[in-house]
Amino acid sequence: MSDLRFQAKKAQATEIPRPRRAEGQWALGYTEPLNKNEQSKKDDDPLNVRARIVHIYSKRGFDSIDPADLRGRFRWMGLYTQRKPGIDGGKTGSLPEEELDDRYFMLRVRSDGKLLSADAVRALGSIGVDYARDTADVTDRENIQYHWIRIEDVPAIWDRLDEVGMHSLEACGDSPRPFLGSPVAGVAADEIIDGTPALEEIERRYIGNPEFSNFPRKFKTALTGHPSHDVSPETNDVAFVGTVHPEHGPGFDVWVGGGLSTNPMLAQKLGVWVPLADVPDVWSAVAGIFRDYGYRRLRSRARLKFLVADWGVEKFREVLENEYLGRTLVSLDSPGSPVGHRDHIGVHQQKDGNVYIGVAPTAGRVSGSILVALADLMDRHGVAGARLTPYQKIVLIGVAPERVDALLDGLDAIGLSGRPSQWRRNTMACTGIEFCKLAIVDTKNRARDLVAELERRFPELDVPISVNVNGCPNACARTQVADIGLKGQLVLDEDGNQVEGFQVHLGGATGLHANFGRKLRAHKVTSAGLDDYVTSVVTNFLTDRAEGETFTTWAARADDDLLRGDKTLEPIG
């Protein structure tokens, strides 16, 4: 372990809270690995696996891969083995990982808020076409995710990514996961501050840096200077949120300790003002606290949110300033939260006279062919670039006003609507049992079918209702902060058969009314009955709502029988 890890970290000026038992915190002297994950990282820095992939595994094939690399260090290169076809969800938790493993990989490619040129989009599409059986999904961490990747093809894929300034380094693993940046950074007319230079500098300094390649678990970053808080800052380990100081001008507040999964927590706000130039230093300080003081004994407690919850935000700030930054941050009341989070779908004015257009794949599913076609459209209509969004969408930047109608028509023709229904616009889904070894139920296909049916049943919905579909409890699709959050599990149907289904969260939100939604006691819905259940709940909302009331506020007050679908009100009109 490098001495740099602890430089200035153990100054005695700050009293550090100690947990009731040893939690594997490096800075408190607990440096011996306490589980197999920590041992693997101590045995070899996961960053070193890239060379073995390029020089050994890609040449000798799947069977040559060391198991410690295959199910551990490969993740730092954005690679996971995907689920072997034909294994049902009932076996997800009972089979050993090697029996769930297929001989193919999922590969995540980071975008980190970058503006992607037409050439970059075309390269992403060509990888899907040439190496991934035409798969490609837009994820809610602004990644492109492929499936059916062969280890033999990985070096060629990396070369193609390198040519357009992209990579998969630390897209997974106990590392700085892909950053969420505002999709409209630098162009939105109402933007407070453009944080793009800070994200670029964090990537330059710290991604692939061995000093930050071994966290207790994943470390998620978000940054936005847009007033809509369009990167879900409440659910990230660290988020930088645009704010304005009355004397110093635009800068960022810092929020820490957000995360969902089985123990959801909203990020806590430090109430500070950080200038753009200082954001990378503050990022490394927060990341350093997590690395040095994070809990490494149990994986289930190894996220930053647990440390923040135990310390409290005041103590966290004290340690941040005294032991890591060596200076006091400027205090400022945290910016107010908006109602909802803008997804940037549709046509919007830029500050330079051009427009940007947000387009919606259904549940994030595109393909290599669609991305190639999108690149062709971008070239044909002179689009400056594209960004991926935290809501599995794509935003096209720098469109001349006279090109909008033709571009919208072209997007419709390839399945990327800039004029989507409320259902298509507001539905997300994780990978699900089709490819994910943790999943219990199907998600992507089920979500697409649900969208189609709801479009038929509610063609003129006048209010956004978000539906987030997840294949397991890990909340990769942010189920707890959706209007209708669906957590996959096996349930019993009317005949007592075990079938795919969902636990339901209702009325979750980020923004002004941030909360984790309402769970009804022992309430489950089968996948087969999902269309009718959602129809009943939406009908009850539309019938029972007060003027201007959102689904979030209605779900918090509605009677249980209206939320369970046990009773369906007669629609008005």
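List of remarks:
- Along region 138-144 the Karplus relation, 6.51 cos²θ - 1.76 cosθ + 1.60 evaluated at θ = phi - 60°, assigns HN-Hα couplings of 8, 9, 7, 10, 6, 9, 9 Hz to successive residues, with x for each Gly and Pro.
- Accessible area in the full protein assembly, largest first, 1.4 Å probe, for Glu152, Glu203: Glu152, Glu203
- The chain - Cys residues lacking any other Cys C-beta under 4.7 Å: Cys172, Cys436, Cys472
- The chain - percent of accessible surface contributed by carbon and sulfur, probe 1.4 Å: 47 percent
- Cα shape, region 323-400, gyration tensor, a/c 1.5 rule: prolate
- Pairs over the 23 Å Cα-Cα cut-off, from the set Lys42/Lys84; Lys393/Lys444; Lys36/Lys218; Lys269/Lys305: Lys42/Lys84.
- When the P(r) is computed for the chain, the part past 35 Å accounts for 37% of the Cα-Cα pairs.
- Accessible surface, 1.4 Å probe, highest first, among residues Ile433, Ile345, Ile572: Ile572, Ile433, Ile345
- Bridges between two residues of the chain, per DSSP, are antiparallel at a rate of about 80%.
- Charges were assigned to the Cβ only: +1 to each Lys and Arg, -1 to each Asp and Glu. The resulting dipole of the chain about its Cα centre is roughly 1560 debye.
- Between Ser64 and Ala522, the contour length at 0.36 nm per residue exceeds the Cα-Cα span by 160.2 nm.
- Accessible area of the chain divided out per residue, in Å², using a probe of 1.4 angstrom: 38 Å²
- The alpha carbon gyration tensor of region 161-275 gives principal lengths a ≥ b ≥ c with a/c of 1.5 or higher and a/b no greater than b/c, which makes the shape oblate.
- Nearest-0.05 FRET efficiency for Glu163 and Asp559, computed from C-beta distance (R0 60 Å): 0.55
- The modelled label-to-label distance between Asp566 and Thr262, using points 7 Å beyond Cα along the C-beta direction, is 2.9 nm.
- Counting only residues at least eight positions apart within a chain, or on another chain, the lysines with an alpha carbon under 27 Å from that of Lys567 are Lys487, Lys519, Lys524.
- For the peptides 438-447, 225-234, 178-187, 415-424, the ranking by mean Cβ contacts within 10 Å, running from highest to lowest, is 178-187, 225-234, 438-447, 415-424.
- Per-pair calculated FRET efficiency, R0 = 25 Å: Glu547 and Leu512 via Cβ, rounded to 0.05: 0.85
- Rounded to the nearest 20 debye, the dipole size of region 370-519 about its Cα centre is 560 debye, using +1 on the Cβ of Lys and Arg and -1 on the Cβ of Asp and Glu.
- Rounded to 0.05, the FRET efficiency of the Arg456 and Asp379 pair, given R0 = 35 Å and the Cβ-Cβ distance, is 0.50.
- The sum of -39500 (n - 2.57) across all DSSP H runs of n ≥ 4, divided by the residue count of the chain, sets its helix-only mean residue ellipticity at 222 nm to -7500 deg cm²/dmol.
The values are calculated or read from the model by the stated rules, or taken from the named source; none is laboratory data. Here the structure is a predicted model, which means the values were calculated and not measured. Glycine gets a Cβ as well: all are built from the backbone with ideal geometry, and neighbour counts include every protein chain shown. With ligands, DNA and RNA removed, areas are computed over all heavy atoms of the protein, side chains included. Shrake-Rupley method; radii C 1.70, N 1.55, O 1.52, S 1.80 Å.
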